[in-house]
């Protein structure tokens, strides 16, 4: 477990993520890179995730394709 400390950043609080944490997330550590915080299904904690922009675009395209061709895909699956 890695212990992190809250730091004042203007009127907010922030956390500095060590290089090891960024590597574990699959993040490159570049300024402007996106991370997301999601609540765990049991509601007892949070999860930090790296957002891969290329993957998100591909996923959006896949979801659109599935939505548009739902009936065709259902028939092909038989």
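The values are calculated or read from the model by the stated rules, or taken from the named source; none is laboratory data. Note that this is a predicted model, so its numbers are computed, not measured. Cβ sites come from the backbone with ideal geometry, for glycine too, and all protein chains shown count toward neighbours.
Only one of the numbered conditions (1) touching a residue at least 12 places away in the same chain (Cβ under 8 Å); (2) under 15 Å from the mean Cα position of the chain (by Cα); (3) not in a helix (DSSP H, G or I) is violated by residue 21, and that is (3).
On inspection, residue 25 fails the criterion of being over 30 Å from residue 4 (Cβ atoms) and at pLDDT below 95. Filtering the stretch 50-78 to residues that are within 29 Å of residue 2 (Cα to Cα) and either in contact with a helix residue (DSSP H, G or I) (Cβ under 7 Å, 6 or more places away or on another chain) or surrounded by 10 or more Cβ atoms within 10 Å (Cβ to Cβ) (or both) leaves 50, 51, 52, 55, 56.
Go through the residues of the stretch 56-69 one by one and say whether even a single one is touching a strand residue (DSSP E or B) at 6+ places or on another chain (Cβ under 8 Å) and at pLDDT below 95. No, the conditions are met nowhere in the stretch 56-69. Looking across the stretch 27-49, the residues that are surrounded by 10 or more Cβ atoms within 10 Å (Cβ to Cβ) and part of a loop (DSSP other than H, G, I, E, B) come down to 27, 29, 33, 34.
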